[in-house]
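See structure below.
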Amino acid sequence: ARCQCKLPPRERRNCGYPGISAAECRKAGCCFNASLPGVPWCFAPKPRRVRKVCPNDSYARINCGFPGITAMDCERKGCCFRAYPAGVPWCFYHRVVEE
């Protein structure tokens with residue numbers, strides 16, 4: 001993502017080699033900005049920031065448990081638990097969303 005390439009010049013970590021083209025740099029999954037001399041032009045992007053959330057749509061739930069699992073056992077597995085509505089998993093996996 002473009003925002004992952006917005007780094008102060010002093011925080012750039014080299015990701016290429018002398019003379020690398022913008023296309024080669026981006027193809028390697030790196031950022032390219034040749035506007036400043038004396039700092040890497042091809043550099044590693046900031047890591048993506050993600051977080052886990054329990055999906056609100058009960059029909060998007062992916063089962064993480066078994067019939068009769070308790071909330072405590074479900075949460076010990078690292079999953080979400082909501083004992084409603086009927087007919088959908090009550091113990092289900094988180095979704096990962098990018099911040």
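The values are calculated or read from the model by the stated rules, or taken from the named source; none is laboratory data. Fair warning: this is a prediction, and the values are worked out from it, not measured in the lab. Because the Cβ atoms are built from the backbone with ideal geometry, glycine has one as well, and the counts that use them run over all protein chains shown. With ligands, DNA and RNA removed, areas are computed over all heavy atoms of the protein, side chains included. Shrake-Rupley method; radii C 1.70, N 1.55, O 1.52, S 1.80 Å.
Some points to look at:
- Against the list (1) of a type in the set (A, V, I, L, M); (2) part of a loop (DSSP other than H, G, I, E, B); (3) open to solvent by 40 Å² or more (accessible area, probe 1.4 Å), the condition Val88 fails is (3).
- Failed condition for Pro18, given (1) modelled with pLDDT under 95; (2) open to solvent by less than 90 Å² (accessible area, probe 1.4 Å): (2)
- Subset of segment 23-35 (residues that are surrounded by 13 or more Cβ atoms within 10 Å (Cβ to Cβ) and either aromatic (Phe, Trp, Tyr) or not in a loop (DSSP other than H, G, I, E, B) (or both)): Glu24, Cys25, Arg26, Cys31, Phe32
- Positions within segment 58-73 being farther than 16 Å from Ala86 by Cβ and of a type in the set (Gly, Ala, Ser), in sequence order: Ala60, Ala71
- Applying the condition of being open to solvent by 40 Å² or more (accessible area, probe 1.4 Å) and touching a helix residue (DSSP H, G or I) at 6+ places or on another chain (Cβ under 8 Å) to segment 48-81 and asking which residue is modelled with the highest pLDDT yields Phe81.
Here's the yes/no breakdown for (1) charged (D, E, K, R); (2) not in a loop (DSSP other than H, G, I, E, B):
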residue	(1), (2)
Pro37	no, no
Arg48	yes, no
Lys52	yes, yes
Pro55	no, no
Gly68	no, no
Glu75	yes, yes
Tyr84	no, no
